[in-house]
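To start, the structure under review is shown below, and the notes come after it.
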Amino acid sequence: MADPRGQFQHGYTCQEVVELASEYLEGVMTPVQRTEFELHLNFCDGCFNFVEQVRTTVATAGSVSEEDIPDGVRAQLLEAFRDWGRG
Amino acid sequence: MNVGQDADLVARLRAGDEQAFEEIVTAFYPAMAAVARGYVRVRSVADEVVQEAWVGVLNGLDRFEGRSALRTWVLAIVANIARDRAVRESRSLPFASLGDGDPAVDPARFSAVGEPYPGGWKSFPSDWRALPEARLLARETIDVVGRAIDALPEPQRVVITLRDVEGWSADEVCDALDLTPGNQRVLLHRARASVRTRLERHLDG
């Protein structure tokens with residue numbers, strides 16, 4: 001039977017996998033792409049680790065503190081809100 | 001914050017509830033500042049943009065119909081004001097044009113054509129799951145990521161800040177910044193790739 005995956009029949013190279021990692025993590029791959037991608041991760045420790053590293057990067061970014069509201073700005077905004085309420 | 005919570009919050013704001021206002025200032029200010037600084041680099045001007053946006057939010061609140069999430073609507077107001085300001089100061093950041101991207105990983109780490117396994121890793125990235133958890137959660141590690149994000153080109157910095165620091169969805173970011181899903185993803189991909197590289201240097205170096 002002919003391989004319906006055409007150009008993907010030899011699978012992705014590692015260099016292709018790293019460029020596709022976001023599409024994989026964002027869940028926007030076609031089922032065929034996803035299967036091919038996960039097949040690669042199954043036999044490639046390097047790429048498996050790479051994808052895990054991206055996941056860790058995302059998780060760590062979630063711990064980065066958000067920007068603080070500058071001093072005085074909160075009070076100014078509240079004042080504007082009071083004015084708005086009176087307006 | 002879901003739509004039901006939004007409706008409740010908007011009702012309280014319209015009624016002049018200061019507690020509700022404090023809540024949205026706390027919840028939205030960091031994202032608003034990130035977006036403003038994505039378009040206008042000068043910190044003081046970006047702060048003005050955020051202030052102006054709050055005026056826009058208050059003025060528009062009575063007309064807010066809840067067709068989009070409140071925070072998406074707020075962010076779109078900041079983005080519009082910031083874009084206008086950037087155009088006036090004739091340094092609009094080309095959010096829509098992606099420019100040339102570096103590869104996610106240094107090509108030197110892969111075998112070249114003609115070598116065995118072209119496009120394959122020469123040496124594998126390491127398994128960070130084997131690291132002590134305390135190392136990954138250390139203040140120092142988080143600071144490395146924070147500095148790496150700060151150093152990114154603006155559009156990438158804004159997208160990764162909203163997505164991964166603030167936890168917004170892809171759809172929300174596309175709506176607020178008027179990006180196509182494809183462009184949003186490319187910016188996020190490049191941003192995460194750069195930050196991962198910096199983190200790798202820190203953890204494995």
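Bear in mind that the values in this text are calculations on the coordinates, not laboratory data. Source: prediction; values computed, not measured. Positions of Cβ are backbone-derived with ideal geometry, glycine not excepted, and every protein chain shown enters the neighbour counts.
See the values below:
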| item | result |
| --- | --- |
| Residue with peak Gaussian network fluctuation, chain B [Cα springs, cutoff 10 Å], from B:Trp54, B:Trp73, B:Trp128 | B:Trp128 |
| For the protein assembly as shown, cysteines whose Cβ has no other cysteine Cβ within reach (under 4.7 Å) | A:Cys14, B:Cys174 |
| Inter-part distance where the stretch A:27-78 and the stretch B:1-78 are each reduced to a Cα centre, Å | 25 |
| HN-Hα J in Hz across the stretch A:16-22 - Karplus 6.51, -1.76, 1.60, θ = phi - 60°, x for Gly and Pro | 6, 4, 5, 6, 9, 4, 5 |
| Viscosity 1.002 mPa s, temperature 20 °C, Stokes-Einstein D of chain A from Kirkwood C-alpha radius, µm²/s | 127 |
| Chain B - convex hull of alpha carbons, volume per residue in Å³ | 159 |
| Residue with peak Gaussian network fluctuation, chain B [Cα springs, cutoff 10 Å], from B:Val40, B:Val55, B:Val186 | B:Val55 |
| Within the stretch B:3-88: Cβ-based charge dipole about Cα centre, in debye rounded to nearest 20 (Lys, Arg +1; Asp, Glu -1) | 520 |
| Distant-in-sequence amide H partners of B:Phe110 (H built 1.01 Å from N, under 5 Å) | B:Lys122 |
| Stokes-Einstein D in µm²/s, Kirkwood radius over Cα pairs - the stretch B:3-88 at 37 °C with 0.692 mPa s viscosity | 251 |
| Crossing angle, helix A:31-43 versus chain A [Cα axis fit, 0-90 degrees, rounded to tens] | 80 |
| Net charge, A:Asn42 excluded, C-beta distance under 15 Å - Lys, Arg +1, Asp, Glu -1 | -3 |
| For the protein assembly as shown, alpha-carbon Rg relative to the globular expectation (2.2 N^0.38 Å, N residues) | 1.15 |
| B:Ala108-B:Val55 FRET efficiency (beta carbon distance; Förster radius 35 Å; 0.05 resolution) | 0.10 |
| Förster-model FRET efficiency, 35 Å R0, B:Ala7 and A:Phe43, C-beta, rounded to 0.05 | 0.10 |
| Peptides ranked, highest mean first, by Cβ atoms within 10 Å: ranges B:154-161, A:62-69 | B:154-161, A:62-69 |
| For the stretch B:95-204, projected area of the alpha-carbon convex hull averaged over all directions, nm² | 8.3 |
| Most mobile listed residue (A:Gly46, A:Gly72, A:Gly11) in chain A, GNM with C-alpha springs under 10 Å | A:Gly72 |
